[in-house]
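The values are calculated or read from the model by the stated rules, or taken from the named source; none is laboratory data. Quantities reported herein were computed from a predicted structural model and do not represent experimental measurements. Here the Cβ is made from the backbone with ideal geometry for all residues, glycine too, and neighbour counts use every protein chain on show. Remember, those area values only see protein heavy atoms, side chains included, never the ligands or the DNA or RNA. Shrake-Rupley method; radii C 1.70, N 1.55, O 1.52, S 1.80 Å.
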Amino acid sequence: MLDKIHILIPEVQDTSIKTKEDLEQFRIHYQGRKGVLAGLFEDFKTVPPAQKKETGRILNDLKMAIQARIDTFIQEAGTKEETPSTEFDLTRPVTYMEPGPRHPLSIVRNQIIEIFSRIGYTVAEDREIEDDWHNFTALNFPEEHPARDMQDTFFIEKNPDIALRTHTSSVQIRTMEQNQPPIRSIFPGRVFRNEAISARAHCIFHQVEGLYVDKDVSFRDLKQTLLYFAKEVFGEDTQIRLRPSYFPFTEPSGEMDVSCNICGGKGCNICKYTGWVEILGCGMVDPAVLENCNIDSEIYTGFAFGMGIERITMLKYQIKDLRLFFENDLRFLNQFRGII
Ligand code: PHE
């Protein structure tokens, strides 16, 4: 009897059960009233007392192996039923797909747009491939002038020059060509410069430039507008400071720093221990630029400013490496979940 059971155990384990019918057959064969197990338990009665212990143990192993085989099949069939059926069942619960979080650059671009729209600025966008006139000449960059080297340009064609725009000032020109003052707009968009990629620079980045042209627009208006903006983005306690600078299309020109919101002005490695961080360039629109767009510079004045969205975002969220914006690493992007 022992030998018989020893053969039966692997036999049970190897039986292939594919369908519910197979399972039923298996059950009847082994567990049925006249089945294998019942027969063996009947025979067990006649086993001599000395062998009862050993035989009983092995008989029990067989019984468990049979049950285990049945349980495995039921379990496998259960998981199989969870895979989607091809039948169309409207009552099935949907598979939840979590929506992606908004990209940090989009979050900050939208904030900038919102802040300026509150004080009457509209939004204008235009092409990324520009001609020389709109990217340079109309902006008072004379031909062959070294100022053109300030922005390492990706040229697509030479003579006449077609290039990837190096700033969204090109949209300022297009806006002034198409509209007479008052003009009060901001220009968000992608810009391109031939720079080596590092933690602080990239060949593609995003700008928002702004332009206000009307009668009696002064440097005071510029300063107050930028102070309002800085406080809205970085908080009420933020201070600004303007330093003289140079751009071909503005005169006078300035660069604006904000008080470092990371150390509160005490000095840290973000502000290089100065307490200030530069965030934008600005100035009064050069009269020659207005004239290039057929706006009478005797009647109208204007100011312009331009900032990099990456820079603002890095300061706002304390991001130390600009390349993170372009790598689409979900561990980075998911940290912005829930921010609109
Ligand atoms: N166009 C300048 C740049 O990309 C920024 C700027 C805009 C400066 C408007 C002054 C006025 O660097």
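Worth a mention:
One line per residue, one yes/no per condition, for (1) hydroxyl-bearing (Ser, Thr, Tyr); (2) surrounded by 15 or more Cβ atoms within 10 Å (Cβ to Cβ); (3) under 29 Å from Glu143 (Cβ atoms); (4) over 31 Å from the mean Cα position of the chain (by Cα):
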site: Lys266; (1), (2), (3), (4): no, no, no, yes
site: Lys272; (1), (2), (3), (4): no, no, no, no
site: Ile279; (1), (2), (3), (4): no, yes, no, no
site: Pro287; (1), (2), (3), (4): no, yes, yes, yes
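- Residue in the range 129-144 that is nearest to Val213 (Cα to Cα), counting only those that are open to solvent by 60 Å² or more (accessible area, probe 1.4 Å) and in a loop (DSSP other than H, G, I, E, B): Pro142
- Whichever residue in the range 237-263 is among the charged types (D, E, K, R) and either within 9 Å of the ligand (Cβ to nearest atom) or not in a loop (DSSP other than H, G, I, E, B) (or both) and, among such residues, is nearest to Pro287 (Cα to Cα): Glu251
- Inter-residue pairs, beta-carbon under 8 Å, first within 19 Å of Arg190 (Cβ to Cβ) and in the range 309-323, second part of a helix (DSSP H, G or I) and of a type in the set (Lys, Arg), 6+ apart: Ile309/Arg109
- Odd one out for Val289 among (1) assigned to a loop (DSSP other than H, G, I, E, B); (2) within 16 Å of the ligand (Cβ to nearest atom): (1)
- Among (1) in contact with a helix residue (DSSP H, G or I) (Cβ under 8 Å, 6 or more places away or on another chain); (2) within 10 Å of the ligand (Cβ to nearest atom) - the single one Gly281 does not satisfy: (1)
- Residues of the range 210-236 satisfying the condition of being touching a helix residue (DSSP H, G or I) at 6+ places or on another chain (Cβ under 8 Å) and within 14 Å of the ligand (Cβ to nearest atom): Gly210, Leu211, Tyr212, Val213, Phe229
- Scanning the range 297-340 for residues that are charged (D, E, K, R), open to solvent by 60 Å² or more (accessible area, probe 1.4 Å) and within 30 Å of Asp221 (Cα to Cα) yields a total of 2.
Matching residues to (1) outside any helix (DSSP H, G or I); (2) open to solvent by 60 Å² or more (accessible area, probe 1.4 Å); (3) of a type outside the set (S, T, N, Q):
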| site | (1), (2), (3) |
| --- | --- |
| Lys4 | no, yes, yes |
| Glu21 | no, yes, yes |
| Ala38 | no, no, yes |
| Glu54 | no, yes, yes |
| Asn60 | no, yes, no |
| Glu76 | no, yes, yes |
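- With a requirement of 3 or more residues that are open to solvent by less than 30 Å² (accessible area, probe 1.4 Å), the strands (runs of 3 or more DSSP E) lying completely within the range 146-205 that satisfy it span 183-192.
- Pairs meeting the criteria (first residue in the range 1-22 and within 27 Å of Thr46 (Cβ to Cβ), second residue open to solvent by 60 Å² or more (accessible area, probe 1.4 Å), beta carbons under 8 Å, at least 6 apart or on different chains) are Met1/Asp43; Leu2/Gln51; Leu2/Glu54; Ile5/Asp61; Ile9/Asp61.
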